[in-house]
1. Under a 5 Å amide H to amide H cut-off, with H placed in plane at 1.01 Å, what residues pair with ILE109 once short-range neighbours are removed?
2. Going by a ≥ b ≥ c, the root eigenvalues of the Cα gyration tensor, does segment 78-167 fall in the rounded group (a/c under 1.5), the prolate group (a/b larger than b/c) or the oblate group?
3. Would you mind putting 54-63, 91-100 in packing order, based on average other-beta-carbon counts within 10 Å, highest first?
4. Taking loop as defined by DSSP and a crowding limit of 12 other beta carbons within 10 Å, which chymotrypsin sites (Phe, Trp or Tyr not before Pro) in segment 131-167 fit?
5. Per-residue ellipticity at 222 nm for the chain, helices alone: DSSP H runs ≥ 4 residues times -39500 (n - 2.57), over residue total, nearest 500 deg cm²/dmol?
6. Once the Cβ-Cβ distance between MET17 and ALA48 is put in as r, and R0 is 22 Å, what FRET efficiency do you end up with, to the nearest 0.05?
7. Modelling each spin label as a point 7 Å along the Cα-to-Cβ direction, I'd like the VAL108/THR39 distance in nm, to one decimal.
8. Between ALA163 and TYR60, what is the label-point separation in nm under the 7 Å Cα-to-beta-carbon projection?
Amino acid sequence: MSDDQLHITPRIARVLMSEEAIYGLILVSGMIVVSAGSTSLIAFLTVAVTVVVFYAAHVYAGTLGRLAVSEGQRGLRSSLRAAAKQSSGMLLASIAPLLALLLGTLRVIPDDTALWSALILNTVILGGLGWTAVARWSTHWWARVISALLTAAFGGILILLKAVIHH
């Protein structure tokens, strides 16, 4: 399935199909679980700060790695730009759950609803990314379903953890 058939631009597809995007969603879910029991404002701030710190750490590590592999030949700016681009999936993937938490922060929806919505949204997005990643190279529906279920399972495990810890 092509990016056109999926109705996404090649750049967005590259960012969303990255390990950083999937890792970012799992990180966000983990941070929501850890901050659950507090307000959606606390969860929003915890998630936002954590994502930015992890993004910066990924960019820093990526820059150092690129400089080391090229023995400094790539240059600092080039290495930094490539690392920032590679890690951008982490930021993009966190937007939807942060919006759900923001709705709770703004009192549009109750705190608990915001927290659960963000976790469920993450799990659905993870499943969609798993489906789409396989759809790009396979026409077999069963391979897509297995990938979607496996990818969504990471979010599902964190939802179970939240249910066990906080209820």
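The values are calculated or read from the model by the stated rules, or taken from the named source; none is laboratory data. Because the structure is predicted, anything quoted here is derived from the model rather than measured. Cβ placement follows ideal geometry from the backbone for every residue including glycine, while neighbour counts extend to all protein chains displayed. Remember, those area values only see protein heavy atoms, side chains included, never the ligands or the DNA or RNA. Shrake-Rupley method; radii C 1.70, N 1.55, O 1.52, S 1.80 Å.
1. Counting only residues 5 or more places away or on other chains, the set is GLY104.
2. Working: a/c = 2.31, a/b = 1.24, b/c = 1.85.
Oblate, because a/c is 1.5 or more while a/b does not exceed b/c.
3. Details: 54-63: 17.1, 91-100: 20.0.
The peptides rank, most packed first, as 91-100, 54-63.
4. Numbers: sites: TRP131, TRP137, TRP141, TRP142, PHE154; in loops: TRP137.
Sites meeting the loop and neighbour criteria: TRP137.
5. Working: 7 runs with 139 residues, N = 167.
Estimated from H runs of four or more residues: -28500 deg cm²/dmol.
6. Numbers: r = 24 Å, r/R0 = 1.07.
Using R0 = 22 Å, I get an efficiency of 0.40.
7. That separation, rounded to one decimal, is 1.8 nm.
8. My value for the distance between the label points is 3.8 nm.
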